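The values are calculated or read from the model by the stated rules, or taken from the named source; none is laboratory data. Since we're looking at a predicted model, the values are computed, not measured. Quick reminder, even Gly has a Cβ in these numbers, built from the backbone with ideal geometry, and neighbours come from all protein chains shown.
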Amino acid sequence: MVLSRRRRLGGTESFRAGRQGFEPTRREVLAGGAGAGALLALPVMTSSLPGSRSAGAAGTASSSSSSHPWYAFLYGTPELSPYPGGSVMASKSPASASASPTTPFQFASKLATAPVLSPDQSTVALVTVAAASAGPRVTLTLVSKATAAVSKQGSLTLTGVPADASILATPVFAPGTKTVALVLAITIPATAGTLRKADAHTAAIITAPATIWKSHHALAYFDSSSGAFTGPFDLADEPSLALTTAAANGTDVFVWTTPEPQAADYDKARPRPAPLSSVSAFPLGSGRPRFSAPSLAPWPGGEPVVTLASGDVARLVYGRELQVCSAQTGDITTRALAPLSVARPKPSAVTMQARPDGTLFITKPGIGIAIVVDPASSFRVTSRVGFPVPLAPGSAPWSKAVLSSSGEVLYVTGGASSGGVSAYRMDTGALTASYVPGGRQYTGLHVLPDGDVLAVSPAHPRLTFFSPALSPLGTADTSLQIAAVF
């Protein structure tokens, strides 16, 4: 149950100056959160991909840069537009330091959620939601990172869902298959009424219109060969919290959900324990779970999750523990990661990814640590690298420390005092290269499949490209306030 009030926003100068008197809806306020973190942006309805390039146009672009065909997709919020929903721009590195700088181009806008990168890093999934007479229309678009061309697109109509519903759609690639699962969180206004609240300063009773929103979930499946959808399958879990965590292996999609606490069950004198989340395994193409099992705290919603070579799923929680969910039974075992169990006052983004050899790469920039653990040997730490803590380890983009394509080199944003970018050997922790341009700070990094490194800065120009040896290749600028790079 989500209680929402319509009210005018104050204290945001750029908003007030540009849109005086405008009263944003709940959907617009939430959609504007893309710049604060790339994990949640509810939709502002749109009917298409306004900035998307056709396959022909993208083919022309890629043919002129065959030596560097891979694109980086920038996700964030355009400047001077507080609540437009997430936007995506595409950019690629220059072929050499003497080549002309490239100009990022608008690819899509008003996304219903952040993009999702396929496990092999070859494809980016984008989702938009459009208003239609039969019900909201969800469109999934798969884009090639090599050419920036649309490889496949399909749409799904949610019949019986009102136009003012908020829809969060999360794509989940099933590795080794042609299936992309779509986890749909559908939040609908259930009842309307009046909210009465005492003013904290005057004790006067304030009344305002109020709406109670309730969420449930549905599953749909997209075939990337045919472009056809199966579903949606209603999971009949209302009322539940909208946020979920999801992962897939070659046979099932795993979805973590949480029942929503009910106000009627709250007793201040005898507080009840928080609802327990559950994890359910759905065979690909099905809306009926093979099993549902209790899941340990915390509630799902944004924590790193990867599928292991065994098919089991690992969830990184509290920034220091791995919860490993059995793909067969849903049983959960917990593994503490000692190098990450360091308390620091600064918040820290934590990232995790599976490596081609089956090991896991995990970074916690707030304590200046990157590790590799091996699931095949009880998650033993096989390598560890220490680096200076970045200036803002908890800010977007979260990718402060990233691996090279080979997995042998760790690239990190420079420390708070030095800035720049540094490279370390992942096996020994030895510093191998650095670029320190007069203390310039970078907030995020991304490694392209061809080995080039993209550094993101909050100041213009926002994009700096490097060779794998950290030789500068050039810069490019964008008006996008970048929340993540894919």
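Could you please find all residues in the stretch 350-361 being in a loop (DSSP other than H, G, I, E, B), closer than 25 Å to Ala114 by Cβ and in contact with a strand residue (DSSP E or B) (Cβ under 9 Å, 6 or more places away or on another chain)? Scanning the stretch 350-361 gives Val350, Arg355.
The residues of the stretch 289-314 that are of a type in the set (Phe, Trp, Tyr) and under 21 Å from the mean Cα position of the chain (by Cα) amount to a single one, Trp299. Being more than 29 Å from Gln153 (Cα to Cα), free of Cβ contacts under 8 Å to residues at least 60 places away in the same chain and among the hydroxyl-bearing types (Ser, Thr, Tyr) is the requirement here; does Ser292 meet it? For Ser292, the condition - more than 29 Å from Gln153 (Cα to Cα), free of Cβ contacts under 8 Å to residues at least 60 places away in the same chain and among the hydroxyl-bearing types (Ser, Thr, Tyr) - is met. In summary, Ala169 fulfils each of the numbered conditions (1) in a strand (DSSP E or B); (2) surrounded by fewer than 19 Cβ atoms within 10 Å (Cβ to Cβ) with the single exception of condition (2). Could you say whether any residue in the stretch 266-275 is of a type in the set (Asp, Glu), surrounded by fewer than 19 Cβ atoms within 10 Å (Cβ to Cβ) and closer than 17 Å to Thr333 by Cβ? No - not one qualifying residue is present in the stretch 266-275.
Here the condition is being closer than 13 Å to Val306 by Cβ and either more than 23 Å from the chain's Cα centre (by Cα) or among the hydroxyl-bearing types (Ser, Thr, Tyr) (or both); of Thr382, Thr351, it holds for Thr351 alone. Pairs are defined by a Cβ separation below 7 Å, a sequence spacing of at least 6 or placement on different chains, a first member in the stretch 184-201 that is under 30 Å from Val172 (Cα atoms), and a second member that is part of a strand (DSSP E or B) and of a type in the set (S, T, N, Q); the pairs so defined are Ala185/Ser215; Ile186/Ser215; Thr187/Ser166; Thr187/Ser215; Pro189/Thr211. Just so you know, in the stretch 443-466 the residues that are among the small types (Gly, Ala, Ser) and not in a strand (DSSP E or B) include one that is surrounded by the most Cβ atoms within 10 Å (Cβ to Cβ), and it is Ser457. Here Pro101 meets each of (1) surrounded by fewer than 18 Cβ atoms within 10 Å (Cβ to Cβ); (2) modelled with pLDDT under 90; (3) out of contact with any Gly (no Cβ under 8 Å at 6 or more places or on another chain) with one exception, condition (3). For the stretch 192-214, taking the residues that are more than 21 Å from Gly135 (Cβ to Cβ) and of a type in the set (Val, Ile, Thr), the one that is surrounded by the most Cβ atoms within 10 Å (Cβ to Cβ) is identified as Ile212.
If you go through the stretch 351-399 and keep only what is β-branched (Val, Ile, Thr) and over 22 Å from Pro449 (Cα atoms), you end up with Ile367, Ile369, Val373, Val381, Thr382, Val385, Val389.
Of all the residues in the stretch 362-382, those that are farther than 26 Å from Ser417 by Cα and part of a strand (DSSP E or B) number 6.
Taken over the stretch 111-151, the criterion of being at positive phi, in contact with a Lys or Arg (Cβ under 9 Å, 6 or more places away or on another chain) and surrounded by fewer than 19 Cβ atoms within 10 Å (Cβ to Cβ) is satisfied by Gln121 alone. Pairs linking a residue in the stretch 71-97 that is outside the structural domain of Asp452 (by TED's automatic domain parsing) to a residue that is among the charged types (D, E, K, R) and modelled with pLDDT of 75 or more, with Cβ atoms under 7 Å and 6 or more positions apart or on different chains, are Tyr71/Lys92; Tyr71/Lys145; Ala72/Lys92; Pro84/Lys110; Gly85/Lys110; Ser93/Asp452. Quick check on Gly154: is it in contact with a Phe, Trp or Tyr (Cβ under 7 Å, 6 or more places away or on another chain), surrounded by fewer than 21 Cβ atoms within 10 Å (Cβ to Cβ) and not polar (S, T, N, Q)? For Gly154, the condition - in contact with a Phe, Trp or Tyr (Cβ under 7 Å, 6 or more places away or on another chain), surrounded by fewer than 21 Cβ atoms within 10 Å (Cβ to Cβ) and not polar (S, T, N, Q) - is met. Among Thr359, Thr351, Thr307, which is the only one that is without any contact (Cβ under 8 Å) to a residue 40 or more places away in the chain and either in the same structural domain as Arg425 (by TED's automatic domain parsing) or on the phi < 0 side of the Ramachandran plot (or both)? The unique qualifying residue is Thr359.
Okay, residues lined up against (1) part of a strand (DSSP E or B); (2) modelled with pLDDT under 90; (3) in contact with a Gly (Cβ under 7 Å, 6 or more places away or on another chain):
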| residue | (1), (2), (3) |
| --- | --- |
| Pro388 | no, no, yes |
| Gly394 | no, yes, yes |
| Val402 | yes, no, no |
| Ser422 | yes, no, yes |
| Gly429 | no, no, yes |
| Gln441 | no, no, yes |
